[in-house]
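These notes concern the structure reproduced below.
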Amino acid sequence: MTIDELVGTIKKSRAINIVIEGRDDVVAYRLIEKFLADSDDRQISLFPTGGRPKLLEVYIRLKAENALRNCIFICDKDMWVFTGIPNDFNDDIIVVTDGYSIENDLVSDSPFETLMSPGEKVTFDMEMAHFCEWFAVQAADLLKGRSAEISTFPGLILDRTPREDFSVKLAADEDLQQLHTKIASNAAKFVRGKSLVQVAMRQLAQSGRTPKHHHLAYLEMSAARRGAAFSRIVDSVSDKLVKM
């Protein structure tokens with residue numbers, strides 16, 4: 001749907017719209033409807049917009065048209081996890097993830113390591129360490145206003161022969177070193193969530209493994225457990241519903 005179509009549909013809706021980013025997010029956020037069903041008998045509808053840029057544009061348009069009365073937005077922090085939330089989007093009706101994305105929050109609630117064998121964890125840790133170096137370089141470029149390839153599929157980085165050596169770049173730039181240390185010390189929060197899950201699935205979904213996990217099933221399972229990070233989102237939405 002176009003921005004005009006999204007805005008028009010929300011304005012015509014009589015439901016309370018929980019506006020989210022992509023369709024994959026529905027796997028986790030549809031459970032919000034279940035958790036809230038016992039406490040609110042109003043019609044609540046999940047409304048995927050097709051991505052974060054569209055979600056933010058829809059918010060801007062609805063705010064300009066004074067048409068936000070039946071909306072709650074759930075938004076990934078994305079690079080705001082490093083910069084903070086801009087004033088333009090520091091709004092009570094916007095619920096923002098604690099980590100880079102909803103995937104990060106769900107990973108923090110259900111760490112991958114609990115599903116991995118000792119050998120899988122060793123390989124995962126090694127691959128995650130290398131990926132954090134690459135990710136820090138990309139994130140640093142974005143933070144400096146330069147172009148970057150932050151959404152590159154992790155396999156393209158990890159399967160290079162030989163793997164790229166980032167030690168020279170890290171040693172030459174103190175700011176980059178500090179950013180890398182921050183990211184590597186809490187990858188579950190700061191690494192792009194989809195990439196984080198993809199790195200883990202190289203172990204949990206590898207050919208011949210029993211059981212072989214699927215990333216969406218993993219995320220749904222974590223949401224259903226309603227750990228601390230996801231509960232914060234659910235509770236925030238619930239608090240905002242009370243005020244509507």
Taking segment 93-105 only, how many residues are of a type in the set (Val, Ile, Thr), farther than 27 Å from Gly145 by Cβ and outside any loop (DSSP other than H, G, I, E, B)?
1
Would you mention how many residues in segment 57-92 are part of a helix (DSSP H, G or I), within 13 Å of Leu6 (Cα to Cα) and among the aliphatic types (A, V, I, L, M)?
3
For segment 86-121, what are the residues that are polar (S, T, N, Q) and out of contact with any Ser or Thr (no Cβ under 7 Å at 6 or more places or on another chain)?
Asn87, Asn90, Thr97, Ser101, Ser108, Thr114, Ser117
Show the residue pairs meeting these rules: Cβ distance below 6 Å; 6+ apart or different chains; first residue within segment 35-56 and more than 12 Å from Ile3 (Cα to Cα); second residue aromatic (Phe, Trp, Tyr).
Leu46/Tyr29
Could you count how many residues in segment 152-193 are aliphatic (A, V, I, L, M), touching a helix residue (DSSP H, G or I) at 6+ places or on another chain (Cβ under 9 Å), within 28 Å of Thr114 (Cβ to Cβ) and without any contact (Cβ under 8 Å) to a residue 40 or more places away in the chain?
1
Please find, among Val19, Val27, Val7, the residue that is assigned by TED's automatic domain parsing to the domain that holds Tyr59 and either exposed (fewer than 15 other Cβ atoms within 10 Å of the Cβ) or more than 23 Å from His215 (Cα to Cα) (or both).
Val7
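Residues are listed down the side, and each one gets a yes or a no for (1) crowded, with 20+ Cβ neighbours inside 10 Å; (2) over 20 Å from the mean Cα position of the chain (by Cα):
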site: Ala136; (1), (2): yes, no
site: Ala148; (1), (2): no, no
site: Leu170; (1), (2): no, yes
site: Asp173; (1), (2): no, yes
site: Tyr218; (1), (2): yes, no
site: Ala229; (1), (2): yes, no
site: Val242; (1), (2): no, yes
Here is a list of conditions, (1) more than 24 Å from Ala228 (Cα to Cα); (2) at pLDDT 95 or above; (3) out of contact with any helix residue (DSSP H, G or I) (no Cβ under 7 Å at 6 or more places or on another chain), and Glu57 meets all of them except one; can you say which number that is?
(3)
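The values are calculated or read from the model by the stated rules, or taken from the named source; none is laboratory data. All figures in this text were calculated on a predicted structure; none of them were measured in a lab. Ideal geometry is used to build each Cβ from the backbone, glycine not excepted, and the neighbour counts take in all protein chains shown.
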